[in-house]
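Right, one structure below, let's go through it.
The values are calculated or read from the model by the stated rules, or taken from the named source; none is laboratory data. Because the structure is a prediction, the values reported are computed rather than measured. Cβ sites come from the backbone with ideal geometry, for glycine too, and all protein chains shown count toward neighbours.
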Amino acid sequence: MPITYTSNEQVEVYRFSIPVTIGIPLLALFAQAFIPLRFPRFAVYFDLPLLVTIFFSMARRNPVAGLFTGAVIGLAQDMLGHNPIGIYGIAKTVVGYGASSLGVKLDVENAGARFLVTLGFYLVHSAVYFTVARGLVNMTQTWSWLHGMLAGLANAALGVLLYFLLDKFKQRT
Amino acid sequence: MESVLGRYRNLIILVGVLFLQVLGLATQVREDKRGGSDAQSTRLIRIWVVGAITPFERGLVWIQDGTSNLWHNYFYLRGVRAENRQLKEQIEQMRLEQVRLSEDAAQARRLQTLLAFKEEFIAKTVAAQVIGSSGSDLSRTVYIDKGENAGIKRDMAVMTADGIVGKVLVVYPSVSQVLLINDQSSGVGVILEKTRLQGVLKGTSTGEVVLERVMSDEQVPLGENVLTSGGDQIFPKGLPVGTVEKVGNGKDLFLNIKVKPAANLSKLEEVLVLIEKQERQQTAEDSGRMRAADILAQRLPSVPDKPPEDAKAAAAATTGTPKSAAGTGGSKPTTTASTASPTTKNLPGAHNAPVAGQPGKPADLTSSSPTSASANRAADSKPAVSRTKPADAPLKVAKPSSAPSGSSPSQAPPATSPEQSAPAQTPSSPPQSDSQPPAGEASPQ
C-alpha cells in the first residue's frame with residue numbers, strides 16, 4: 001500500500017466491479033451528450049467524462065490504469081463529436097496519469113483536496129486540449145483564462161458532489 | 001537497463017500511449033487534407049460508440065415525449081378554446097396574405113419561365129427528432145433519430161420551420177450526425193435579402209455565426225434577413241438563415257458581420273432533413289395562361305383604348321383573315337399574337353425597353369419586354385389577328401410552334417394572308433434578335 005506525503009498514513013487502493021467500470025463512464029458520456037439538449041450551457045462549463053476519469057484514476061492509484069482509463073474515456077468522447085479522434089484522448093490520458101500519480105502521493109479523500117485537484121486537472125486538461133487542437137489539428141481555438149477558471153470552479157464543485165456519490169461503488173482490495 | 005525500464009515503466013507506457021494517439025491523429029489529419037474524411041476512415045469505431053450511447057438517448061427522448069404528450073393532450077387542456085378562436089382568426093389573416101403572396105409567386109414563376117431559370121425545389125423531407133449532441137462546445141453537432149434506413153445521406157440539408165440548422169455529416173443505420181451552422185468547420189453560401197450581397201456563413205469557436213467575405217465598403221443594415229444563396233449545392237436558394245445582428249470591421253478588407261440564426265440551434269427538438277431536391281425549369285403550364293409581359297403591360301400606364309367604332313372597323317378589316325392561317329404548319333398558336341394585346345400595343349415607348357442586367361442581348365431583352373421578339377414576329381406575320389383580339393379573351397402562352405426555337409423567322413411558315421406580309425408595325429426590333437430566339441420562347445411543353 002502506498003504511503004501519502006500528506007498524512008503519512010497508508011491509503012487504500014480501490015477497485016471497481018466490471019459493471020461500474022464500464023457503466024459509469026458510459027453513463028457520463030450519455031449524460032454529457034444528452035443534457036446539453038435541455039441545458040445548452042452545460043457543455044460549455046461541465047465535462048462529466050473528465051470528472052469520472054479523475055475519480056477512477058485517483059481511486060485506483062495506479063498510473064498505468066489511470067492513463068488507460070483516461071485514454072479510453074477520452075477516445076470515446078472524441079467519437080461523439082466530429083473532430084479527429086484523439087484530441088480528448090490525449091488530454092484525458094495525461095489527466096488520468098497525473099491524477100493517479102497524485103493519488104499515490106497525496107491524500108485526496110477529503111472534499112477540499114478533491115476540489116483543488118479537480119480544478120487543477122481541469123486546467124491541465126484544457127491546456128493539453130488547446131495545444132493539441134491548435135498545434136496538431138490546426139483548429140481555431142481561443143484561450144480564455146476567465147472561462148477556464150469559471151468552468152474549472154464549476155467542475156470542481158460538481159466533482160466534489162459526484163465523487164461522494166461514486167464513493168459508494170468503491171471496493172477495497 | 002532493466003532497472004531503468006522498471007523505474008520508468010509508467011512514464012514509458014504514458015509516452016507510448018500518447019505517441020500512438022498522436023500517430024492516429026496525424027493519420028486522420030493527413031487523410032482530411034487529401035480529401036478523405038476521418039468519418040470514413042474511423043467509421044467502425046465511431047459506430048460502436050454511437051451505437052452504445054444513442055439507444056439510451058432515444059429511449060429517454062421517447063419517455064420524455066410520451067410523458068409530455070400525456071400531460072399536454074389529456075390533462076393540460078386549459079385555454080384550448082380561447083386558443084382555438086385565436087388560431088381561427090390567424091388563419092383568416094393568413095388566407096388574405098396567401099392570396100397576395102400567391103399572386104406575387106405566380107408572377108415570379110412566369111418571369112422565371114421567360115428567363116429559362118432552373119431552380120431547386122424541396123421535393124421531399126423527412127422529419128427527425130434530435131436525440132443527442134456531441135457534448136462538447138468544440139464540436140457543435142447533434143444526433144437525429146433517422147439514418148440510412150430512412151433514406152438519409154451525407155451532406156443533406158437539415159432545417160426547421162424557422163430556418164436552416166446544418167447538414168448531415170455522418171450517417172449511421174438508424175441515426176445521423178448533423179453539423180450545425182455555428183460549428184467552426186461549417187460553411188453556408190448566403191445572400192442578404194435586400195442588398196443582395198453574397199457571402200459565406202461560418203461558425204466560430206465560441207458558437208457564434210458570422211458572415212464572411214463581404215467587402216468593407218458595402219452597407220449592411222442591422223436586422224437584414226439572411227437567406228441561403230444556393231451556391232453551396234446543399235441548401236436550396238431562399239431558405240431563411242437568420243438576421244444581421246452586428247456589423248463591424250473585420251480582417252483585411254472584409255466586414256465582420258454577426259448573424260443571429262433564425263433557428264434556435266441550442267434548443268433543437270424536431271428537424272426536417274431534405275432528402276430530395278428537384279431541379280426543374282419552370283414550364284409554361286406552371287406559369288398559367290398569361291405571359292409575364294402581359295401582366296407587366298397591364299400594370300404599366302397605358303393610353304386608353306380606341307373608341308369602339310375604330311375597333312369595329314379594324315375588326316371588319318380583318319374578318320377576311322382565315323382563322324386557320326396561323327395554324328399553318330401544324331402550329332396551334334394563332335394566339336401567339338396575343339402578346340400584342342390592346343394594352344401592349346399602346347406602349348410605343350416600350351419597344352426598346354432594356355432588361356436590367358441583360359444589355360446587349362436583344363433576345364433576352366425582347367423576351368421580357370411587351371414588344372418582345374415573338375411579339376414582333378407575331379405582329380409581322382399576323383398583325384390583324386393580334387389587333388382584333390379582345391382584351392378579355394383567354395391568353396395563351398407563346399409556344400415555339402412548328403418552327404424550332406432556334407430558327408429564325410425567315411424559316412417560319414409563310415404567311416397566308418396579305419396582311420401577314422405587310423411591313424412590321426414595330427420596326428425597332430433589331431435583326432439579330434430574330435436570329436437569336438428569346439429564352440422565354442424556348443421552353444417547349
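Worth pointing out:
- Hits in region B:138-164 - residues which are touching a helix residue (DSSP H, G or I) at 6+ places or on another chain (Cβ under 7 Å) and farther than 30 Å from A:THR142 by Cα: B:ASP145
- Restricting A:LEU161, A:LEU150 to those that are loosely packed, with under 14 Cβ neighbours inside 10 Å, within 14 Å of chain B (Cβ to nearest Cβ) and either more than 22 Å from B:SER185 (Cβ to Cβ) or charged (D, E, K, R) (or both) reduces the list to A:LEU150.
- Among residues that are farther than 28 Å from B:THR27 by Cβ, surrounded by fewer than 24 Cβ atoms within 10 Å (Cβ to Cβ), of a type outside the set (Ser, Thr, Tyr) and at the interface with another protein chain (Cβ under 9 Å from one of its Cβ atoms), A:VAL64 is not included.
- For A:VAL64, the stated conditions do not hold, so it cannot be described as more than 16 Å from B:ILE12 (Cα to Cα) and touching a Lys or Arg at 6+ places or on another chain (Cβ under 9 Å).
- Of all residues in region A:98-110, exactly one satisfies the criterion of being under 21 Å from A:LEU165 (Cβ atoms) and touching a Phe, Trp or Tyr at 6+ places or on another chain (Cβ under 8 Å), namely A:ALA99.
- One residue stands out among those in region A:74-106 that are hydrophobic (A, V, I, L, M, F, W, C) and more than 11 Å from chain B (Cβ to nearest Cβ): the one that is nearest to A:PHE130 (Cα to Cα), which is A:VAL95.
- Condition broken by B:GLU193, with the remaining ones in (1) more than 14 Å from every other protein chain (Cβ to nearest Cβ); (2) closer than 13 Å to B:PHE235 by Cα satisfied: (2)
- Tabulated pairs, region B:1-27, first in contact (Cβ under 8 Å) with a residue 40 or more places away in the chain, second of a type in the set (Val, Ile, Thr), C-beta under 9 angstrom, 6+ apart or interchain: none
- The residues in region B:153-186 that are within 24 Å of B:VAL220 (Cα to Cα), over 18 Å from the mean Cα position of the chain (by Cα) and surrounded by fewer than 22 Cβ atoms within 10 Å (Cβ to Cβ) can be counted, and the count is 2.
- Filtered by the rule that a residue be under 22 Å from A:ALA71 (Cα atoms) and among the small types (Gly, Ala, Ser), region A:116-147 gives A:GLY120, A:SER126, A:ALA127, A:ALA133, A:GLY135.
- Selection within region B:207-245: residues that are surrounded by fewer than 19 Cβ atoms within 10 Å (Cβ to Cβ), out of contact with any helix residue (DSSP H, G or I) (no Cβ under 9 Å at 6 or more places or on another chain) and in contact (Cβ under 8 Å) with a residue 60 or more places away in the chain. The member of this set that is farthest from B:THR160 (Cα to Cα) is B:GLY230.
- Restricting attention to region A:23-37 and to residues that are within 16 Å of A:LEU75 (Cα to Cα) and facing another protein chain (nearest Cβ under 8 Å), the residue that is surrounded by the most Cβ atoms within 10 Å (Cβ to Cβ) turns out to be A:ALA33.
- Strands (runs of 3 or more DSSP E) enclosed by region B:193-270 - at least 2 residues per element that are of a type in the set (S, T, N, Q): B:225-228, B:240-249
- Here B:SER174 meets each of (1) over 22 Å from A:ARG38 (Cβ atoms); (2) assigned to a loop (DSSP other than H, G, I, E, B); (3) modelled with pLDDT of 90 or more with one exception, condition (3).
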